[in-house]
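J.: Quick one: the structure is below, and I'll ask about it shortly.
The values are calculated or read from the model by the stated rules, or taken from the named source; none is laboratory data. Note that the coordinates shown come from a computational prediction; the quantities given were computed from them, not determined experimentally. Neighbour counts are summed over all protein chains in view; Cβ atoms, including those assigned to glycine, are modelled from backbone coordinates with ideal geometry. Side chains are part of the model used for accessible areas, which takes the heavy atoms of the whole protein and leaves out ligands, DNA and RNA. Shrake-Rupley method; radii C 1.70, N 1.55, O 1.52, S 1.80 Å.
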Amino acid sequence: MSEKGQWAIETNGLTKAFGDQKAVHGISLAVPRGSVFGFLGPNGSGKTTTIRMLLGLAEATDGEIKLLDHQIPKELQVALPKVGALVEGPAFYPYMSGRNNLIRIDSADRFSDPSTRKARVDAALERVGLSNAAKKKVHAYSLGMKQRLGLANALLKPRELLVLDEPTNGLDPQGTREVRNLIRSLAAEGITIFLSSHLLTEIEQLCDHVAVMSAGKILAQGSLAELRSHGQTRLILRVDKIDEAVDILKTQGIGKIKFSKENMIAPVAEDIDVAKINEVLVKKKIKVSEIRLEHPSLEEYFVDLTGEGFEVVR
Amino acid sequence: MFAKSLSLSLMASELRVMFTRRRTWAMLFAIAMIPILLAIAVYLSSDRLAPGEGPPFLDRVTQNGLFTGFTAMLLALPLFLPLTISVVAGDTIAGEAGLGTLRYLLIAPVNRARLLVVKYLGTLVFALAGTFTLMAAGAMIGAILFPVGPVTLLSGDVIQIPEALGRMALVALYTTISMMGMLALGLFISTLTTIPVGAMTGVLIASGVSQILDNLPQLSWLHEWLFTHYWLDFADILRQPMELSSFGDNLLLQLGYVAVFGSLAYGRFTTKDILS
Ligand SMILES: Nc1ncnc2c1ncn2[C@@H]1O[C@H](COP(=O)(O)OP(=O)(O)O)[C@@H](O)[C@H]1O
Ligand SMILES: [Mg+2]
């Protein structure tokens, strides 16, 4: 077996057409091994469709996929045992218990060891906090419990990659927090996590890399830090004598000042020395009631990218 | 190492899922009720049927309880048995697709061709369970309500009780084989949709149409190609010596259907996008 490559997921020009609509339009993903990779995009942007192609559920119209260095769909059966996934929400047999549902799915996987099956199922249930409800039939589960059972299913075996499609959908704030903590702890074990979400805050909280999807295309991709650096850092300032302050700021190389209520807002370099500017202003007898840097948020960057903000585009 | 348990694991799991469902047990229960209701009705009716009146064998039930199963099979074959068969066969892939469990099975991963085979064998086990349930319930209720003794066959020969029980098992087996074509058709239709009820209805309609066509003399050239054509020929098992030619013809026809619709199901399912 060759060395593990750099990428957990690699696609090249991946495309999926439904009729003449291209749900996914020539995307090239590069998901580094060991990363927590956010796949961010509004509803209908093609996230689930992409995931279906990655897992061999749907055939790509065009393009190439490598999943854990295996060619997809050719080497699907070799790649999939190393991948745990939650796709488009959980799905189970309602008339069977949570535990029996997991046993069923694990029995389908001919690479998994029947002698450890029960122990693995119980461990996965424990991990997602469902041990007490393991014997209940799934039709009696809340959406949150189903979502966790879906995660337990993804964790039935040691995995190299977890593909999680909107794992906190439909959860209450408490459940959302628990799932996010679970994802963090899995990431800490070194498992690569590919997390799709339409929630920017979720991606910002959990991920170190991100790709931004809109209408089937990737608008931006890279580490969170890289993407943040696209935005403009701003200096926010509130003073008593505005005109004098403007002149002084000019001597410090700060122009293009805008005003918003009593605040002055100026674009600055991100490594600007705020303390020094404060010192200069104070020396000139200007009273500074507020001075701070505002770092560019991802949200602004997305608004820049998508133009109309984070809405359903189609 | 676990290579041997590969397909067995999934097969066992498939049967466990099928027999966990209340629906499966309800259908088997309903199948068992056919001979039971029939026997009770015959038992309670005071007028004796003249020989040859009513469905074949019905007049014999009162003389020998062991005929209950055969008579019930005749009654169940046109509609009720195909109904249960179409529920199970239509559900195979469409049911999993409708629930969404299909995508989780496929990424488990299970090879698609393997899943089809296991699904088909599962429905065959149900058909076997159904036909044996019917014959067993028939023998039991017949033995409770009516005298039981050596059975006079259609040919006039008499066979002893153990052999009669053996023939009952053969009838169940024959009927299971008769269902193989319809099960394969159901499997194929089931790969076409994500709505199980649609697939079930489709299969049931197909069996109805096939039986109607089989009754139109103008289409006699078509008859021997219809998957329902030999269904009622299980009566040949009740002759001495047993008439095995229909057995063979039926088996060939059913295997033909399995080959054709099995291939169609394979072609469809292995290339299908799973979008549910
Ligand atoms: N089975 C399908 N047939 C036709 N169009 C589809 C199908 N599934 C998804 N689409 C379309 O593809 C686009 C992307 O959908 P999806 O991948 O589910 O988006 P997301 O997961 O990002 O919300 C949507 O415009 C949707 O309408
Ligand atoms: Mg989606």
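J.: Would you mind getting the accessible area per residue of region A:234-295, heavy atoms of the protein chains only, 1.4 Å probe, in Å²?
T.: About 67 Å² of surface per residue is accessible.
J.: Leaving out ligands and nucleic acids, note down the accessible area per residue over region A:7-228 with a 1.4 angstrom probe, in whole Å². Intermediate results must be reported in sequence, preceding the final value.
T.: On the way: 8170 Å² over 222 residues.
Accessible surface, normalised per residue, equals 37 Å².
J.: Taking a ≥ b ≥ c as the square roots of the Cα gyration tensor eigenvalues, with a/c under 1.5 meaning rounded and otherwise prolate when a/b beats b/c, else oblate, which class fits region A:30-72?
T.: Because a/c hits 1.5 or more and a/b fails to exceed b/c, region A:30-72 counts as oblate.
J.: Only Cα pairs under 8 Å and at least 6 apart count here; give the relative contact order of region A:234-295 as a rounded whole percent.
T.: For region A:234-295, the relative contact order is 52 percent.
J.: Between B:LEU244 and A:LEU143, what is the label-to-label distance in nm when each label sits 7 Å out along the Cα-to-Cβ direction?
T.: Inter-label distance under the simple model: 6.2 nm.
J.: Here is a follow-up. Rounded to the nearest 100 Å², what is the sum over both chains of accessible area buried where A meets B, with a probe of 1.4 Å?
T.: 3000
J.: Quote to one decimal, in nm, the extra length available between B:LEU170 and B:ILE195 on full extension: 0.36 nm per residue of separation minus the C-alpha distance between them.
T.: Gain on stretching B:LEU170 to B:ILE195: 5.5 nm.
J.: Efficiency by 1/(1 + (r/R0)^6): what FRET value for A:THR61 and A:GLN252, r their Cβ-Cβ distance, R0 = 45 Å, to the nearest 0.05? List each step's numbers first, then the result.
T.: Values: r = 55 Å, r/R0 = 1.22.
Step by step, r from the Cβ atoms, then E = 0.25.
J.: Under a Cβ-only charge scheme (Lys and Arg +1, Asp and Glu -1), can you give me the dipole magnitude of chain B about the Cα centre, in debye to the nearest 20?
T.: 1140
J.: Still on this structure, I have one more. Leaving out ligands and nucleic acids, and using a 1.4 Å probe, what accessible area per residue does chain B come to in Å²? Can you show the working numbers first?
T.: On the way: 11730 Å² over 276 residues.
Accessible area per residue: 42 Å².
J.: Could you tell me what percent of the accessible area of chain B is made up of carbon and sulfur, with a 1.4 Å probe and every protein chain present? Write down the numbers at each step before the final one.
T.: Details: 8300 of 11730 Å².
Percent of accessible area from carbon and sulfur atoms in chain B: 71.
J.: Using the beta-carbon distance between B:SER155 and B:ALA30 and R0 = 25 Å, what value does 1/(1 + (r/R0)^6) give for FRET efficiency, to the nearest 0.05?
T.: So, using R0 = 25 Å, E works out to roughly 0.15.
J.: Going by a 1.4 Å probe on protein heavy atoms, which residues of region B:73-107 end up with at least 10 Å² less accessible surface in the whole assembly than in their chain alone?
T.: Those are B:GLU96, B:LEU99, B:THR101, B:ARG103, B:TYR104, B:LEU105, B:LEU106, B:ILE107, which lose 10 Å² or more relative to the chain on its own.
J.: Let me know the charge dipole size of region A:234-295 about its Cα centre in debye, to the nearest 20, where only the beta-carbon of Lys, Arg (+1) and Asp, Glu (-1) is charged.
T.: Its charge dipole is roughly 160 debye.
J.: Roughly speaking, to the nearest percent, how much of region A:176-267's 1.4 Å accessible area is carbon and sulfur?
T.: Answer for region A:176-267: carbon and sulfur cover 50 percent of the accessible area.
J.: Quick check for me: using +1 on Lys/Arg Cβ and -1 on Asp/Glu Cβ, what's the dipole size of chain A about its Cα centre, in debye to the nearest 20? Let's see the in-between values first.
T.: Numbers: 42 positive and 40 negative charges, 190 e Å.
Once rounded to the nearest 20, the dipole reads 920 debye.
J.: Measure off, as a whole percent, the carbon and sulfur share of the 1.4 Å-probe accessible area of region A:1-131, all protein chains present.
T.: Percent of accessible area from carbon and sulfur atoms in region A:1-131: 47.
J.: Oh, and also: Please give the contour-minus-distance gain from B:TRP221 to B:LEU79: 0.36 nm per residue of separation, less the Cα-Cα distance, rounded to one decimal in nm.
T.: 48.7 nm
J.: Subtracting the Cα-Cα distance from 0.36 nm times the residue separation, let me have the gained length for A:GLU270 to A:LEU305 in nm, one decimal.
T.: Gain on stretching A:GLU270 to A:LEU305: 10.5 nm.
J.: Which of B:LEU251, B:THR176, B:LEU28 sits closest to the plus end of the dipole of chain B, meaning its Cα is farthest towards the positive end, when Lys and Arg get +1 and Asp and Glu get -1 on the C-beta?
T.: B:LEU28
J.: Can you list the DSSP H helices in chain B whose Cα atoms extend at least 30 Å along the helix axis and whose mean Kyte-Doolittle hydropathy is 0.5 or higher?
T.: Qualifying helices, which must be both long enough and hydrophobic enough, are B:22-44, B:112-145, B:161-190, B:245-269.
J.: How many nm separate the modelled label positions at A:ASN43 and A:THR201, each set 7 Å beyond the Cα in the direction of the Cβ?
T.: About 1.8 nm separates the two model spin labels.
J.: Compute the relative contact order of chain B as a whole-number percentage, counting only Cα pairs closer than 8 Å that sit 6 or more residues apart in sequence. Before the final figure, lay out each step's value.
T.: Numbers: 378 pairs, mean separation 67.0, N = 276.
So the answer I get is 24 percent.
J.: Also, I was wondering about something else. Take peptide B:265-273, look around each residue's Cβ out to 10 angstrom, count Cβ atoms belonging to other protein chains, and average those counts.
T.: 1
J.: Next question. According to the square roots a ≥ b ≥ c of the eigenvalues of the Cα gyration tensor, what is the shape class of region A:234-295, taking rounded for a/c under 1.5, prolate for a/b larger than b/c otherwise, and oblate for the remainder?
T.: Rounded, since a/c falls under 1.5.
J.: Moving on to the next point. For B:LEU121 and A:GLN6, what does the FRET efficiency come to when R0 = 56 Å and r is the distance between their Cβ atoms, rounded to the nearest 0.05?
T.: Plugging the Cβ-Cβ distance into 1/(1 + (r/R0)^6) gives 0.80.
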